[in-house]
Amino acid sequence: MIDDERKLRSEMDRAAKVEALFRDPIFTESFDILLAHYQHQWAESNPADAAERERLYALTQALGAVRGHLQSVFETGRMAEIQITKLAEASLH
């Protein structure tokens, strides 16, 4: 049970770090600026330039994947927090 609790607390710590990132205006601004930049470049690109459009699409997808991974780490930490609470309540009974 100690190892399980240690793992849960580690997940909570990771979630707190992600939360701090998402609260940092420079961090969130970076995502917003990059996404807008990639979308603008794509909209302004020549429709015949498939390679450039694919590159911009891939960059947009990668940016979303990074954000999605961070969101997953955050949610996993929140679930770990719930599990820790339940373990604490169970130990009281």
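Estimated translational diffusion coefficient (Stokes-Einstein, Kirkwood radius over Cα pairs, 10 °C, 1.306 mPa s) of the chain: 101 µm² per second.
Only helices enter this figure: runs of n ≥ 4 DSSP H residues, each worth -39500 (n - 2.57), summed and divided by the residues of the chain, yield -33000 deg cm²/dmol at 222 nm to the nearest 500. Positive contributions from Lys and Arg (+1) and negative ones from Asp and Glu (-1), summed over other residues with Cβ under 13 Å from the Cβ of L8, come out at 0. Net charge in the neighbourhood of Q39 (other residues with Cβ under 14 Å of its Cβ; Lys, Arg +1, Asp, Glu -1) is -1. Note on the chain: dipole from Cβ charges, positive end direction compared against M12, A58, H93; the farthest Cα belongs to H93.
Using Cα atoms only, what is the angle between the long axis of helix 2-23 and the major principal axis of the chain, expressed in degrees (0 to 90) to the nearest 10? With both axes taken from Cα atoms, the answer is about 40 degrees. Here the dipole of the chain is about 180 debye; that uses its Cα centre as origin and unit charges on the Cβ of Lys and Arg (positive) and Asp and Glu (negative). Heavy-atom accessible surface of the chain, averaged per residue, reaches 74 Å², computed with a 1.4 Å probe. Net charge dipole, the range 1-49: roughly 200 debye, given to the nearest 20, about the Cα centre with Cβ charges of +1 for Lys and Arg and -1 for Asp and Glu.
In a fully extended conformation the segment linking R67 and L92 would gain 5.2 nm over its present Cα-Cα distance, using 0.36 nm per residue. Taking all protein chains as they are arranged and a probe of 1.4 Å, the heavy atoms of H69 leave approximately 110 Å² accessible to solvent. If you bin all the Cα-Cα distances of the range 1-45 at 5 Å, starting from zero, the percentages per bin are 5, 19, 13, 13, 11, 11, 10, 7, 5, 3, 2, 0. For the chain, the carbon plus sulfur part of the accessible surface works out to 59%, probe radius 1.4 Å. Checking the a/c ratio against 1.5 first, then a/b against b/c, what shape does the Cα gyration tensor give for the range 48-93? Prolate shape, in that a/c is at least 1.5 and a/b is the bigger ratio. Look at the alpha carbon pairs under 8 Å that are at least 6 residues apart: their mean separation over the length of the range 2-93 gives a relative contact order of 51 percent.
The values are calculated or read from the model by the stated rules, or taken from the named source; none is laboratory data. Please read these numbers as outputs of a predicted model, since none were measured by experiment. Ideal geometry is used to build each Cβ from the backbone, glycine not excepted, and the neighbour counts take in all protein chains shown. To get the accessible areas, we keep the full protein, side chains included, count just its heavy atoms, and leave off ligands, DNA and RNA. Shrake-Rupley method; radii C 1.70, N 1.55, O 1.52, S 1.80 Å.
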